[in-house]
Structure formats: structure tokens, C-alpha cells
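Worksheet: the structure to be examined is printed underneath.
Values in this text are rule-based calculations from the coordinates and carry no lab data. Predicted, not measured: the structure shown is a model, and the values here were computed from it. Quick reminder, even Gly has a Cβ in these numbers, built from the backbone with ideal geometry, and neighbours come from all protein chains shown.
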């Protein structure tokens, strides 16, 4: 019975996310919600954005259905709070897509979503309210990380699938059904979006989708942390995104650039500049995330020496990823395809 309910919930998320773009695309085109390429873009044609609305519907429907069919009975409040947080973030992203919001207002609202959500979680789980500023910063930071990293086809969809799957496994290992359900619903909804982002006539998530991705992952992670899930389970699958965002942020600050202005300095963007296609670069990011996730999961339950070894392995993957554009550029130059 449990397996059937889980299949129903996950299937609903997948199908809605995959089918609803047929309805939404013409509406967004009529509204003029379009992404027009510029010198900093990784695409060269005008593309419909905002299709992340369908992913949001898929996740919301899946989580709501899990409550309606009684799949999540013990931790229903956690699912409700997570649903509220990601819905608020998606709404904020849609307003940014459609009308635009100032950077200061966006930052304040993102922090508020994290703070209110974390306060509700702390009260529900019985944790200290000292976690509220931590949760507020975590949610706001990862919303922005997901937004900054959403610059090539496939990267966000694959990230949602990979991290969602890891969190579902974390739920199984931690015996927390709410985490299994939340992880699988997020993975299924972003899997449903992938064909639209990778096929002919591709579309973009838009800010509604990238905000949704960041808030979904951060809300689940904060909930898991307060509920006693190993930090390694929650942090290791997102190390690559965090490393790319943080090092790029620092590099731009040191150069005196405005960090919030669109640019092409992220590692994944530089990989496309030295010859990789969008999907190849997205697969590099996802593959490295899978490696750090697997190493983190192994470290969480290993004896001390093995835990250190797995942690060093994860760190090595992060370093290799950060230097991958230079390494690839060197190989391309050596092969004679680029000038030295």
C-alpha cells in the first residue's frame, strides 16, 4: 500500500510537470515572458521563460497529494511548512519574471521566507529559535545559488533530480518518510521539465523555477537538519553548486565587479567557453555533485579514518571541478583547436 501511494504521488508530480507546458507556453508567449539573449547569455535565440510554474505545480500537487492519501501521517506539518516555503519562493520568482523586483526587496523577501519557515519548523520540531537566522541565510543563499547557476540548458533540471534523489535516500537511511516523499517529488517534477529544456523549441525555468529549485532544496535541508538528519547527507550533494557560486562571488568582489550583475564567470559557463556543449557542462556539474554526494553519504556512517578519506575525496572533486575549465582549455590548446 505504501509503495502504491508513493508511486501515485511521484507519478502525479512527474506527469503534471511534463504535460502542463503544452498549456503554459502559449500563455507565457502572449504575456511576453521571454528571455532575450545578450553578450553574457549562453543562448543566442529568444526563449520563453517562466515554465518553472509547471514544476512548481508538480511539486505542490505531489506534496499535497501525499497528505491527502495519508502517505505522510506522522510529519504532516513538516510537509506543509516546506510546501509553504517553496510556494512563496516560486511566487517571488514569478513576480521577478513578469514585473521585476529591486535587489534589496528580493533579498529581504528571501530572508523572510527562510526566517518564517525556519521559525515554524523550530516550533513544530521543538528546536531552539536560535536556528532561525541560520535557516534564513541558508534559504536566501541557496535561492540565489540556484538562480546564478541556472545559465545553461539542463543544469537546473539535472540538479533537481540528483539532489532530490539523494535526499530521498537520506530519508530512507534516516527512517524519515517525509524526507523520502519530499526528495522524490522534487526529483520527479524536475525530471518532467528536462525534456522541455533539452529538446527542440526549448524553454527556460525562469526565476520562478530557479527560486523554486533553491527554496525546495534549502527548505528540505533545513528541515532535515532540525529533524536530526546527518549534515553530510544534506550538504554533500550541493557542494558543487555552493563552491561554484562562492568562489565566483569572491573572484568578482576582488576584481571590484558588481556581483549581482549578469556575467559568464561561473565554472559551468567557462566550461562551455572552452568547448563543451550545454548538456556536457551540465553533466560535468551533475556528475561531480553525484560524486561529492556519494562521498558524503559514505563519510557519514564510516569509521573516523574512512570518514576523513571520503571527506578528502569530496574535497578533491570540488577542487578538480573548480579547475576543470583551465584543465580542459590546456588540453584543447595542446590539441591545436585553440590558439595558445
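Which of the peptides 78-85, 122-129, 17-24 is most tightly packed, and how do the rest follow, judged by the mean count of other Cβ atoms within 10 Å per residue? Before the final figure, lay out the partial values.
On the way: 78-85: 22.0, 122-129: 13.4, 17-24: 18.1.
Final packing ranking: 78-85, 17-24, 122-129.
Return, ordered by residue number, the residues of the stretch 123-139 whose backbone nitrogen is under 11 Å from a label point located 7 Å along Cα→Cβ of residue 235.
Taking a point 7 Å out along Cα→Cβ of residue 235, no residue of the stretch 123-139 has its backbone N under 11 Å.
Pairs of alpha-carbon atoms within less than 8 angstrom and 6+ residues apart define the contacts here; what relative contact order does the stretch 202-340 have, in percent? Walk me through the intermediate numbers first.
Values: 106 pairs, mean separation 36.6, N = 139.
Relative contact order comes out at 26 percent.
Where does each of 224-231, 100-107 land if you order them by average Cβ count within 10 Å, highest first? Before the final figure, lay out the partial values.
Working: 224-231: 18.1, 100-107: 12.6.
In descending order of packing, they fall as 224-231, 100-107.
What list do you get for 245, 292, 301 if you sort them by fewest beta carbons within 10 Å?
On the way: 245 21, 292 28, 301 13.
The most exposed by this proxy come first: 301, 245, 292.
Normalised by the residues of the stretch 1-229, what does the relative contact order come to in percent, with Cα pairs under 8 Å and at least six apart? All intermediate terms of the calculation are to be shown ahead of the outcome.
Working: 386 pairs, mean separation 72.6, N = 229.
The normalised contact order for the stretch 1-229 reaches 32 percent.
Please work out whether the stretch 1-229 counts as rounded, prolate or oblate from its C-alpha gyration tensor, where a ≥ b ≥ c are the square roots of the eigenvalues and a/c under 1.5 means rounded, while otherwise a/b larger than b/c means prolate and anything else oblate?
On the way: a/c = 2.07, a/b = 1.33, b/c = 1.55.
Note, shape of the stretch 1-229 comes out oblate.
Kindly provide the helix-only [θ] at 222 nm of the chain, computed as the sum of -39,500 (n - 2.57) over DSSP H runs of four or more divided by all residues, to the nearest 500 deg cm²/dmol? Before the final figure, lay out the partial values.
On the way: 14 runs with 257 residues, N = 340.
Dividing the helical sum by the residues of the chain leaves -25500 deg cm²/dmol.
Answer rounded, prolate or oblate for the stretch 20-152, using the Cα gyration tensor with square roots of eigenvalues a ≥ b ≥ c: rounded when a/c is under 1.5, else prolate when a/b is larger than b/c, else oblate.
Numbers: a/c = 2.80, a/b = 1.49, b/c = 1.88.
Here the stretch 20-152 falls in the oblate category.
Would you kindly state how much longer the chain becomes between residue 323 and residue 262 on full extension, computed as 0.36 nm times their sequence separation minus their alpha carbon distance, in nm to one decimal?
Working: separation 61, 0.36 × 61 = 21.96 nm, distance 2.16 nm.
Extra length from residue 323 to residue 262 when fully extended: 19.8 nm.
Multiply the residue separation of residue 46 and residue 103 by 0.36 nm, subtract the distance between their alpha-carbon atoms, and state the gained length in nm to one decimal. Let's see the in-between values first.
Working: separation 57, 0.36 × 57 = 20.52 nm, distance 2.43 nm.
Additional length available on full extension: 18.1 nm.
What FRET efficiency would be calculated for the residue pair residue 27, residue 4, taking the C-beta separation as r and a Förster radius of 35 Å, to the nearest 0.05? Kindly include the intermediate steps, with their values, before the conclusion.
Values: r = 34 Å, r/R0 = 0.98.
The computed FRET efficiency comes out at 0.55.
How high is the FRET efficiency from residue 64 to residue 112, r the C-beta distance, R0 25 Å, rounded to 0.05?
On the way: r = 23 Å, r/R0 = 0.93.
In this case the efficiency is close to 0.60.
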